[in-house]
Structure formats: C-alpha cells, structure tokens
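J.: Just passing along the structure, written as structure tokens.
No value in this document is a laboratory result; all are computed from the given coordinates. This structure is a prediction, so every number in the text was calculated from the model and none was measured. Glycine also receives a Cβ, built like all others from the backbone with ideal geometry; neighbour counts cover every protein chain displayed.
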Amino acid sequence: MSLAGRLAFVTGAGSGIGRATCFGLAKEGAIVVAADKNFIAVQDTVDILPKSTSEHHLPIEVSVENLQDVENALNKTLNIFSRPPVVIVNAAGITRDNFISKLSESDFQQVLDVNLKGTFLILKTFANAMVQGQVQQGSIINIGSVVAKFGNIGQANYCASKAAVDLLTKVSSKEFGRMGIRVNTVLPGMIETQMIKSVPDKVKGKFLEMIPLGRFGQAEEIAQVITFLASDKSSYINGASIEVTGGL
Ligand SMILES: NC(=O)c1ccc[n+]([C@@H]2O[C@H](COP(=O)([O-])OP(=O)(O)OC[C@H]3O[C@@H](n4cnc5c(N)ncnc54)[C@H](O)[C@@H]3O)[C@@H](O)[C@H]2O)c1
C-alpha cells in the first residue's frame, strides 16, 4: 500500500482519527501536512511521525471554516513543497450536543460551519489546486458518521452536518472523478477519541449493546481504511461511503 513520496494534507490532525491517519499515511511513506486549529497539538503529531524521505512533515494552524485560513494553508504548502497534496483527509470535526428543544442557534451553526462548510472549503480549495497542478491521481477522504444514517438523540446539528458531508462527497466524486480525483467518505461508528469523552456513560452503554463486535473502535482502525482509500489499492473506489463500525 505504498504512498512513497506522496504529499498528504490532513485536517483535525492534532487528535484522534486525524492524528492516527497522519501516522498511518507517514508509515506508508507519505509526507504529511498536519493541519489543525490547535497548533501545539499538530506539532506534537508531527514529532511522532515516521520519516522516510528528506522532506519534513509540516504542522499548520488552520480553522477549516475560515476561507482565508484555508487559502493560506494551501499557499504555505505550495511554497514549501512546490506541488499540491494528492491526498486530502477532512478529519476536523466538533460536536455541540443538545436536544433540539434546547439547541441554541450558535451551537447549531458552529457544528455546520466546522463539519460541513469546513469540509467544503478544504475540498474545493485543494481539489482546484490538484486540477491546476495537473495531478493525475488524487484521493480525497471525508469523514462522515454512521449516526447520520439513522439519527441520534441530542445530535440534530451533528447528524445533519455529517449527512450533508456524505452527499457533498457524492457530488464531488461526480465532478472531480473525471479529472482523476477520487472522493470517498468513511463513516465511523463509536471510536475511542477525545470526541466521545463527553458522551454520558449510559448512552455509551446503549451503543455498546448494539455493536456485534462488543467494543468501541480505535482511531487506528479508521486510519487503516483511510490509508487504503488514499492508496492505489482503492483505485476504482469513488463516491463510496464506507462504514467502519464493528457492525453497529
Ligand atoms: N470519535 C468518534 O466516535 C467519531 C465517530 C464518527 C465520526 N467521527 C468524526 O471523525 C472526525 C475526527 O474526530 P475524532 O474522534 O478524532 O475527534 P477529536 O476531537 O479527537 O479530534 C478532532 C480534531 O479536530 C480539530 N478541530 C476542531 N475544530 C477545528 C477547526 N475549526 N479547524 C481545524 N481543526 C479543528 C480539533 O482541534 C481536534 O484536534 C470528526 O469529523 C468526527 O466528527 C468521530
């Protein structure tokens, strides 16, 4: 599954699935631009990455919902590496859970801004750079969520944002597929990261009962699927939504 010398750009790289993805890609020989709104966290990520070429992995601070930030991140990447990334992973994401009756406008908007608009801005900006750079084979991997398929109490904003990411992926796969850029979504189930720390134990217990494998997933188990989608081993997969849920 070699990614030797390929340049990858990963958002949400300071924690959980994003950090594990940076590691998985770098292990296969990729050079990684690790992007997150938390710069100290991405510096820590870069410090643990395996290195297989003379090029250095790069930490970048970016708020994905801010177009200027996203364009700055692309320009910095182009200045340093003189080429656009050919692998893009949109793993930045947030939750602001509450029942709809109590959900504030700002918590609704923030989740849509980061999860959906952020994915759109990164996808558009970096896919355009790939097209301009005449990249022959690109791979964009977005992170949805399996809960967006069936809904989850207290997560109207999150489920709506992730369902939209899945459709954004499908449209992108049609528009960019003809240019040699594949776009796919990974739909994780319950994965043990910082994100699920705020989920009440009672709710976690209910989810556990519904998972045939009898456990939550690890970030590395999502990263492995993302690394596969980044590689040529998945060369005919485009517009797919791949569940990684232990059967939930
Ligand atoms: N953990 C799960 O069970 C689970 C399940 C389904 C989907 N997901 C999705 O997987 C992705 C990764 O989540 P995780 O579990 O690793 O969470 P996490 O909280 O461990 O990591 C999320 C990272 O995103 C960064 N981030 C947040 N807002 C940002 C912004 N505006 N700009 C840039 N970076 C920002 C955070 O700083 C953090 O480093 C998210 O999109 C999440 O919705 C997670």
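J.: Based on the mean of other Cβ atoms within 10 Å per residue, sort peptides 236-246, 192-202, 137-147 so the most packed one is first. Kindly include the intermediate steps, with their values, before the conclusion.
T.: Details: 236-246: 16.8, 192-202: 12.2, 137-147: 24.1.
So the order, starting with the most tightly packed, is 137-147, 236-246, 192-202.
J.: Summing Lys, Arg as +1 and Asp, Glu as -1, what charge do residues with Cβ under 14 Å from the Cβ of Q137 carry, Q137 excluded?
T.: Working: positive: R6, R83, R178, R182, K233; negative: D232.
Charge balance near Q137 sits at +4.
J.: Still on this model: Give the shape of region 1-95 as rounded, prolate or oblate, defined through the alpha-carbon gyration tensor: a ≥ b ≥ c are the square roots of its eigenvalues, a/c under 1.5 means rounded, and otherwise the shape is prolate if a/b is larger than b/c and oblate if not. Present the calculation step by step, with values, prior to reporting the outcome.
T.: Details: a/c = 1.71, a/b = 1.23, b/c = 1.39.
Verdict is oblate for region 1-95.
J.: Let me ask something else about it. State to the nearest 20 debye the size of the charge dipole of region 1-69 about its Cα centre, where the only charges are +1 on K and R beta carbons and -1 on D and E beta carbons. Could the numbers behind the result be given before it?
T.: Values: 5 positive and 8 negative charges, 51 e Å.
The dipole magnitude comes to about 240 debye.
J.: Positive end of the dipole of the chain, charges at C-beta (+1 Lys, Arg; -1 Asp, Glu), about the Cα centre: which of V86, V203, H56 has its Cα farthest in that direction?
T.: So the residue furthest toward the plus end is V86.
J.: Something else: Could you name the aspartates and glutamates whose alpha carbon sits less than 16 Å from that of K27, not counting residues in the same chain fewer than 8 places away?
T.: K27 reaches D47, E55, E220, E221, D232.
J.: For region 92-173, treating each Cα as an identical point scatterer without solvent, what Debye log10 I(q)/I(0) comes out at q = 0.21, 0.23 1/Å?
T.: -0.91, -1.03
J.: Using packing as a proxy for protection, rank 5-14, 215-224 so that the peptide with the highest average count of other Cβ atoms within 10 Å comes first. Numbers along the way, then the final one.
T.: Values: 5-14: 26.7, 215-224: 18.8.
Per-residue mean Cβ counts within 10 Å order the peptides as 5-14, 215-224.
J.: Pop out the Kirkwood hydrodynamic radius of the chain from its pairwise C-alpha distances, inverse of mean 1/r, in Å to one decimal. Please list the in-between numbers first.
T.: Details: mean 1/r = 0.0557 Å⁻¹.
That comes to 17.9 Å for the chain.
J.: Which of the pairs K117/K162; K37/K117; K124/K174; K51/K197 have their Cα atoms more than 20 Å apart in this structure?
T.: Numbers: K117/K162 11 Å; K37/K117 15 Å; K124/K174 14 Å; K51/K197 31 Å.
K51/K197, as the Cα separations exceed 20 Å there.
J.: Shifting gears a bit: Sort 77-85, 50-58 by the packing proxy (mean of other Cβ within 10 Å over each peptide's residues), most packed first. Let's see the in-between values first.
T.: Numbers: 77-85: 16.1, 50-58: 14.1.
Ranked by mean Cβ neighbours within 10 Å, highest first: 77-85, 50-58.
J.: At what distance in angstrom do the alpha carbon centres of region 135-173 and region 82-134 lie from each other?
T.: Rounded to whole Å, the Cα centres lie 10 Å apart.
J.: Helix-only estimate, please: 222 nm mean residue ellipticity of the chain, summing -39500 (n - 2.57) across DSSP H runs of length 4 or more and dividing by its residues, to the nearest 500. Can you show the working numbers first?
T.: Details: 9 runs with 106 residues, N = 248.
Using -39500 (n - 2.57) per qualifying helix, the result is -13000 deg cm²/dmol.
J.: While we're here: In 10 Å bins starting at zero, report the fraction of Cα pairs in region 20-160 per bin as a rounded %.
T.: For region 20-160, the pair-distance distribution reads 11, 37, 33, 15, 4, 0.
J.: Under 13 Å from the 7 Å Cα→Cβ point of K51, by amide nitrogen: which residues of region 59-101?
T.: Flagged as within label range: 59.
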